[in-house]
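Below is one structure, written out as structure tokens; comments come after it.
The values are calculated or read from the model by the stated rules, or taken from the named source; none is laboratory data. Just so it is clear, the structure is predicted and the values come from calculations on it, not from any experiment. Don't worry about glycine lacking a Cβ; one is built from the backbone with ideal geometry, like all the others, and counts go over all protein chains shown.
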Amino acid sequence: MSGSRYLLVGGSGYFGARLAEALPGTVIVTQRTPAPARAAWACARGIELVSYDSVAGGLDVRGDFDAVVHLASPGAAEAARDPGAALDRARRAAGDCLALLKAGRARRMLHFSTFHVYGAGGRAKFSETDALAPIHPYGRSHAECEALVLADPGALVLRPSNLVVAPAHSALGDQAKLIFLDLCRQAVSGTIRLQNDGLSYRDFLPSEDAIAAVRVLLNAPMPADRVFNLARGSSLRLREVAQIIQREAGAATLEFGTSTDAFRSEFEVDITRLRALGWKPQASLEKETRRILAFFR
């Protein structure tokens with residue numbers, strides 16, 4: 001893979017930046033909004049940073065790529081603010097990535113979707129063969145883009161759950177409000193306040209395992225099944241997650257709120273498809289927590 005070329009569209013953000021650091025060879029990353037912290041990160045890592053806004057114009061990159069990884073879909077907060085604009089932006093970005101694939105300029109496309117395409121909780125297990133039932137505009141936007149992407153036989157779809165990632169730089173935007181990051185940032189100040197009552201469940205996957213999954217999909221022969229859950233496989237109660245962060249940070253105070261959500265019972269996420277390709281998730285949630293705490297300190 002050392003002589004490979006990868007294009008990470010929207011790859012300058014939360015998870016994309018860590019993936020860009022981990023891929024060998026030449027890595028080109030796009031950003032929608034320039035930021036000094038992001039520019040400094042890319043320069044230090046020898047990563048080429050290209051400005052790209054799917055609404056403003058096409059994807060202006062040169063050369064061919066072993067793979068294009070699409071991470072540029074609007075996040076949950078942006079989708080909630082303006083669902084129509086977010087969907088339009090997501091469709092355009094997916095279309096620009098597909099254009100590279102159809103032109104023969106990329107051998108493979110990895111599209112990052114979301115676990116939210118399954119809709120609300122209440123199930124004991126979530127599998128790639130389940131019917132999609134998104135509720136939030138974020139999930140609906142991703143469900144539509146999945147259908148667009150999967151029309152091309154050279155594209156694969158990943159449905160990540162809650163990825164736990166130590167940020168590579170401080171230009172995080174809305175992603176700074178992700179629950180695990182927010183709790184770690186609070187822990188550094190000495191007090192963790194969870195708005196949720198702590199009795200809801202989430203599936204948290206450390207970034208090392210997520211990056212390992214991408215490596216597997218970049219190198220494996222094109223699989224017959226092209227949609228993959230990217231998750232730890234089993235859920236954790238938020239109260240347990242907050243306690244892990246508290247222990248690693250040495251934070252003295254842990255407080256819980258009263259709000260609730262749909263994921264009130266323990267659940268599993270089927271990850272047998274990725275395992276069948278050789279993926280072996282084994283990263284430590286505690287280790288990634290320590291990295292995030294170090295970043296905020």
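For every residue, the table says whether it meets (1) at pLDDT 95 or above; (2) farther than 19 Å from Met222 by Cβ; (3) outside any strand (DSSP E or B); (4) not aromatic (Phe, Trp, Tyr).
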| residue | (1), (2), (3), (4) |
| --- | --- |
| Asp130 | yes, yes, yes, yes |
| Glu146 | yes, no, yes, yes |
| Asp152 | yes, no, yes, yes |
| Arg159 | yes, no, no, yes |
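Output yes when any residue across segment 4-12 is out of contact with any Leu (no Cβ under 8 Å at 6 or more places or on another chain) and surrounded by fewer than 20 Cβ atoms within 10 Å (Cβ to Cβ), and no when none is.
Kept after step one, since they are out of contact with any Leu (no Cβ under 8 Å at 6 or more places or on another chain), are these residues of segment 4-12: 5.
Filter once more, keeping what is surrounded by fewer than 20 Cβ atoms within 10 Å (Cβ to Cβ): 5.
Looking for residues that are out of contact with any Leu (no Cβ under 8 Å at 6 or more places or on another chain) and surrounded by fewer than 20 Cβ atoms within 10 Å (Cβ to Cβ), one finds at least one in segment 4-12, hence yes.
Kindly list, by first and then second residue, each pair from a residue in segment 65-85 that is in a loop (DSSP other than H, G, I, E, B) to a residue that is acidic (Asp, Glu) and modelled with pLDDT under 90, limited to pairs with Cβ atoms under 8 Å and residues at least 6 apart or on different chains.
Every condition considered, the pairs that remain are Gly75/Asp174.
Can you name the condition, by its number, that Leu59 falls short on among (1) exposed (fewer than 15 other Cβ atoms within 10 Å of the Cβ); (2) under 21 Å from Gly154 (Cβ atoms)?
(1)
Pick from segment 193-234 the residues that are among the hydroxyl-bearing types (Ser, Thr, Tyr) and over 20 Å from Gln246 (Cβ atoms): which of them is surrounded by the fewest Cβ atoms within 10 Å (Cβ to Cβ)?
As a first pass, look at segment 193-234 and keep what is among the hydroxyl-bearing types (Ser, Thr, Tyr): 200-201, 207, 234.
Now drop any that are not over 20 Å from Gln246 (Cβ atoms), which leaves 207, 234.
Numbers: Ser207: 21, Ser234: 12.
Ranking the qualifying residues of segment 193-234, first place goes to Ser234.
Among (1) out of contact with any Lys or Arg (no Cβ under 7 Å at 6 or more places or on another chain); (2) surrounded by 12 or more Cβ atoms within 10 Å (Cβ to Cβ), where does Thr258 come up short?
(2)
Out of Arg140, Arg159, report the one residue that is more than 16 Å from the chain's Cα centre (by Cα) and either within 20 Å of Leu230 (Cα to Cα) or loosely packed, with under 15 Cβ neighbours inside 10 Å (or both).
It is Arg140.
Just checking, does segment 37-47 include any residue being in contact (Cβ under 8 Å) with a residue 12 or more places away in the chain, part of a strand (DSSP E or B) and not acidic (Asp, Glu)? Show your work before the answer.
Filtering segment 37-47 down to residues in contact (Cβ under 8 Å) with a residue 12 or more places away in the chain leaves 37-38, 40-42, 45, 47.
The next check asks that each one be part of a strand (DSSP E or B); those that pass are none.
Checking segment 37-47: not a single residue is in contact (Cβ under 8 Å) with a residue 12 or more places away in the chain, part of a strand (DSSP E or B) and not acidic (Asp, Glu).
Against the condition within 22 Å of Arg226 (Cβ to Cβ), within 15 Å of the chain's Cα centre (by Cα) and crowded, with 18+ Cβ neighbours inside 10 Å, how does Phe126 come out, does it pass? Lay out the reasoning, then the answer.
Values: within 22 Å of Arg226 (Cβ to Cβ): yes; within 15 Å of the chain's Cα centre (by Cα): no; crowded, with 18+ Cβ neighbours inside 10 Å: yes.
Answer is no for this residue.
So, in segment 124-180, how many residues would count as being out of contact with any helix residue (DSSP H, G or I) (no Cβ under 6 Å at 6 or more places or on another chain), closer than 22 Å to Ile211 by Cα and polar (S, T, N, Q)?
Count: 2.
Give just the number: which of (1) under 20 Å from Phe15 (Cα atoms); (2) modelled with pLDDT of 95 or more; (3) not hydrophobic (A, V, I, L, M, F, W, C) does Asp225 not satisfy?
Every condition holds for Asp225 apart from (1).
So, in segment 261-288, of the ones that are touching a Lys or Arg at 6+ places or on another chain (Cβ under 9 Å) and in a helix (DSSP H, G or I), which residue ends up nearest to Lys125 (Cα to Cα)?
Of everything passing the filter in segment 261-288, Leu285 is nearest to Lys125 (Cα to Cα).
Might you let me know whether segment 169-178 holds any residue that is within 24 Å of Ser234 (Cα to Cα) and either part of a helix (DSSP H, G or I) or of a type in the set (Asp, Glu) (or both)?
Of all residues in segment 169-178, those within 24 Å of Ser234 (Cα to Cα) come to 175, 177-178.
Filter again for either part of a helix (DSSP H, G or I) or of a type in the set (Asp, Glu) (or both), leaving 175, 177.
Yes, segment 169-178 contains at least one residue that is within 24 Å of Ser234 (Cα to Cα) and either part of a helix (DSSP H, G or I) or of a type in the set (Asp, Glu) (or both).
Kindly establish whether Gly122 is in a loop (DSSP other than H, G, I, E, B), at pLDDT below 95, out of contact with any His (no Cβ under 9 Å at 6 or more places or on another chain) and at positive phi.
When the stated conditions are applied, Gly122 passes them.
Applying the selection to segment 39-67, what residues are in contact with a His (Cβ under 9 Å, 6 or more places away or on another chain) and either modelled with pLDDT under 95 or closer than 27 Å to Val216 by Cα (or both)?
Trp41, Ala42
Considering only residues that are farther than 11 Å from Ser54 by Cα and either surrounded by fewer than 20 Cβ atoms within 10 Å (Cβ to Cβ) or not hydrophobic (A, V, I, L, M, F, W, C) (or both), which ones fall in segment 88-99?
Hit for segment 88-99 is Ala99, nothing else.
Hey, can you tell me all the residues within segment 108-138 that are among the acidic types (Asp, Glu) and over 27 Å from Val9 (Cα atoms)?
Within segment 108-138, just Asp130 meets the criteria.
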